[in-house]
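The values are calculated or read from the model by the stated rules, or taken from the named source; none is laboratory data. None of the values given here were measured: they were computed from a predicted structure. Please note: Cβ atoms are built from the backbone with ideal geometry, for glycine as well, and neighbour counts cover all protein chains shown.
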Amino acid sequence: MSTESAMTFYDQWSSRMTKAKASAPEAADGFKALHVAVMREGTLSVREKELIAAGIAMALRCDACVLSHVQKALQVGATRAQVLEAAGVVVMMQGGPGYTYLPKLTEALDALEAREEAREVRAAGGKSRPAEVTLNNGTK
């Protein structure tokens, strides 16, 4: 996967999942109920849960899961450094298989940063972006 592939994923994921949910509504509703119950704020923060989910996704080598949970982790306040540190734990625990998925995770981060940069350029009326970009969650 490349940063371009990750960007394509983010551009298409919502519509693809909408179609899948319409095709299998019972499965979608059941998964949604589980997701809502487990991923809410609790003893662990939502940010911590998303970092765990991103790490598990990387360990299981699930492309869509890595991309989704990296995005969600950033949306709930995780920094790029935190996502990468969580990935380091995966590599430490899993070794080579986890290490080979590190590029997918960094490509997800790069694609999300590029999307944020493009959003900022559009918001500025097409003017070039500032030298340092800050994501919606305050990360640089």
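Structure notes:
- Any hit, region 49-60, residues being in contact with a Cys (Cβ under 7 Å, 6 or more places away or on another chain) and aliphatic (A, V, I, L, M): yes
- Checked against (1) exposed (fewer than 15 other Cβ atoms within 10 Å of the Cβ); (2) modelled with pLDDT under 95, A81 passes all but a single condition, namely (2).
- Some residue of region 1-16 being surrounded by 11 or more Cβ atoms within 10 Å (Cβ to Cβ), assigned to a helix (DSSP H, G or I) and small (G, A, S): yes
- The single condition from (1) farther than 15 Å from E113 by Cα; (2) modelled with pLDDT of 95 or more that Q71 fails is (1).
- Scoring S23 on the criteria (1) more than 26 Å from K104 (Cα to Cα); (2) modelled with pLDDT under 95 leaves a single failure, condition (2).
- Any hit, region 91-99, residues being closer than 20 Å to F9 by Cβ and either without any contact (Cβ under 8 Å) to a residue 60 or more places away in the chain or assigned to a helix (DSSP H, G or I) (or both): no
- The set of residues in region 1-45 being within 30 Å of A118 (Cα to Cα), among the small types (G, A, S) and over 14 Å from the mean Cα position of the chain (by Cα) consists of S2, S15, A20, S45.
- Single unsatisfied condition, E26 versus (1) acidic (D, E); (2) without any contact (Cβ under 8 Å) to a residue 24 or more places away in the chain; (3) touching a helix residue (DSSP H, G or I) at 6+ places or on another chain (Cβ under 7 Å): (3)
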